[in-house]
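As structure tokens, the structure follows; a few thoughts come after it.
Every read-out reported here was derived from the displayed coordinates using simple, explicitly stated rules and does not represent laboratory data. Note that the structure is predicted; figures quoted are calculated from it, not measured. Note: ideal-geometry Cβ built from the backbone for every residue, glycine included; neighbour counts use all protein chains shown.
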Amino acid sequence: MNILITGGAGFIGSHLAKHYVDLGNKVFIVDNLITGNKNNIAYLPPDQISFFEEDVTVFDFSTLPHIDIAYHLASPASPIQYKKHPIETMRANSEGAYRVLEQCKARKFDRFILASTSEIYGDPLIHPQKETYFGNVNPVGDRACYDESKRYAEAMTMSYHMTFDIDIRIARIFNTYGPNMELNDGRVVSNFITQALENNPITIYGDGTQTRSFCYVTDLVLGLVKLGETEDIEGEIINLGNPDEKTMIKLAEMIHEMTNSISDISFESIGEDDPKMRKPDIEKADKILNWHPRVSLEKGLIKTTEYFKKMLSK
Ligand code: NAD
Ligand code: UDP
């Protein structure tokens, strides 16, 4: 198969690229490296990878060969990064999605998979979050550039499906972690692990009672692939994540202990609209894709810590 991954030099995209390359497919990556890193894909065989260091808002997708599955992942994903690049984030999710969908309309690309996010639920008022929940989002807050552009991307994707009968699927991805996250990514798992390994204070934002549910990246990639390859599920929107919910205090304690760190815990101010709780309901993924995560948080954190140890020693 020919697979397109926009944002393929990033954290999740690079694992997705490896999955498809390992199975003998050709992978086309369009990534402007705003938050990604070429090293994430440098070791993949050049005869199976075509890398375009380009922005999805200007890249001419019509120059690519026929694509079987187009995964649209291009977008900063870490709150620190999208707050630093709000306009770029909005454009990658809106114009970027539109431009890839146009190739589906021209029947050059067969199938479109949108990497959406649990952030479309905002600071949720129901728990756990089911796909039927419409969310609680501040349209002009600190996180709006990400939340609202992802919501726009979902609406745009669904509009192309309904208007032009394009085969689309939407993944609502919950917090995912693992190797290939950047040292300066700014998300909680990479921050806590690097702080603990360097014996710097572990920075908990707010009082640390807010919750997240963390999915190891190899599990997430298998979910994305199933969403991309299962037949007769056009138009489906599916949560992908691990329902094992933890407070940030608990996460800090686990990482502190696992790394034998002597770091202090420091409590810092929390950003606007930071969701107080988040946990996916994955009944739909289980039923439609027969998918559920397998890697425990303990095991995933050990693998991720090994990766960051290597990166810090370079
Ligand atoms: P990441 O920042 O590591 O990867 C995103 C990639 O997109 C980077 O390589 C970046 O350079 C590229 N990119 C951004 N804007 C671009 C543009 N205009 N043109 C070309 N490339 C561009 O983040 P990630 O965690 O790998 O996230 C991948 C996707 O999954 C994103 O769409 C994100 O919103 C979604 N997602 C991730 C998580 C998570 O926990 N990791 C959760 C929910 C959703
Ligand atoms: N967080 C934290 N310390 C950090 C980074 C993040 O306490 O150094 C908190 C953040 O406030 C949020 C949670 O951890 O409540 C998850 O943050 P992350 O940036 O990983 O992703 P989010 O789920 O907020 O998009």
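Just a few scattered comments:
- Stretch gain in nm, segment ASP274-ALA106, where the contour uses 0.36 nm per residue and the Cα spacing is subtracted: 56.5 nm
- Residues LEU23, LEU251, ranked from the fewest to the most other C-beta atoms within 10 Å, line up as LEU23, LEU251.
- THR209 paired with ILE233, simple spin-label distance in nm, labels 7 Å along Cα-to-beta-carbon: 3.7
- Check: the stretch 60-137 dipole with +1 on Lys, Arg Cβ and -1 on Asp, Glu Cβ, in debye: 80
- Theoretical ellipticity at 222 nm over the chain - DSSP helices of four or more residues, -39500 (n - 2.57) apiece, nearest 500: -11500 deg cm²/dmol
- Nearest 10 degrees, 0 to 90: helix 248-258 Cα axis against the chain principal axis: 70
- Using only side-chain charges placed at the Cβ, +1 for Lys and Arg and -1 for Asp and Glu, the dipole size of the stretch 52-104 relative to its Cα centre rounds to 320 debye.
- When the convex hull of its Cα atoms is viewed from all sides, the stretch 112-256 shows a mean projected area of 9.6 nm².
- Folded to 0 to 90 degrees: helix 11-22 orientation relative to the chain principal axis, Cα: 50
- Ordering of 64-77, 162-175, 1-14 by packing [mean C-beta count within 10 Å, highest first]: 1-14, 64-77, 162-175
- Vicinal HN-Hα couplings computed from phi for the stretch 292-306 (Karplus, 6.51 cos²θ - 1.76 cosθ + 1.60; Hz; Gly/Pro x): 8, x, 10, 8, 5, 4, 4, 5, x, 5, 4, 4, 5, 5, 4
- Pairs exceeding a 25 Å alpha-carbon distance, out of LYS18/LYS310; LYS276/LYS314; LYS105/LYS287: LYS276/LYS314; LYS105/LYS287.
- Theoretical gain in end-to-end length, ASN199 to ASP22 [0.36 nm per residue, Cα-Cα removed]: 60.0 nm
- Per-q log10 I(q)/I(0), the stretch 158-230, q = 0.11 Å⁻¹ (Debye; single scatterer per alpha-carbon; no solvent): -0.45
- Under 13 Å of direct C-alpha separation, and excluding same-chain neighbours fewer than eight residues apart, LYS226 reaches these aspartates and glutamates: GLU234, GLU236, ASP286.
- Test item: Cα-centred dipole of the chain, Lys/Arg +1 and Asp/Glu -1 on Cβ, debye: 360
- Inter-label distance, nm, simple model (7 Å from Cα along the C-beta direction), TYR43/LYS309: 1.6
- Paramagnetic reach from LEU183 (point 7 Å along Cα→Cβ, amide N under 12 Å) across the stretch 232-274: none
- Least to most buried among PHE61, PHE134 (fewest other Cβ within 10 Å first): PHE134, PHE61
- Förster-model FRET efficiency, 25 Å R0, ASP244 and ASN136, C-beta, rounded to 0.05: 0.60
- Reference-scaled alpha-carbon Rg (2.2 N^0.38 Å with N residues) for the stretch 89-192: 1.18
- Building the convex hull from the alpha-carbon atoms of the stretch 1-113 and averaging its projection over directions returns 6.3 nm².
- Largest-first principal axis extents of the Cα set of the stretch 191-314 (Å): 52, 35, 20
- Residues of the stretch 205-220 with an amide N closer than 18 Å to a point placed 7 Å from the Cα of ASP264 along the Cα-to-Cβ direction: 205-208.
- All other residues whose Cβ lies under 14 angstrom from that of ALA9 are scored, Lys and Arg at +1 and Asp and Glu at -1, for a net of -4.
- For PHE28, the residues whose modelled amide H falls within less than 5 Å of its own, excluding neighbours fewer than 5 places apart on the same chain, are ILE3, LEU4, ILE5, SER50.
- Residues THR89, THR117 arranged by fewest to most Cβ contacts within 10 Å: THR117, THR89
- Column: log10 I(q)/I(0), Debye, Cα scatterers of the chain, q = 0.06 Å⁻¹: -0.18
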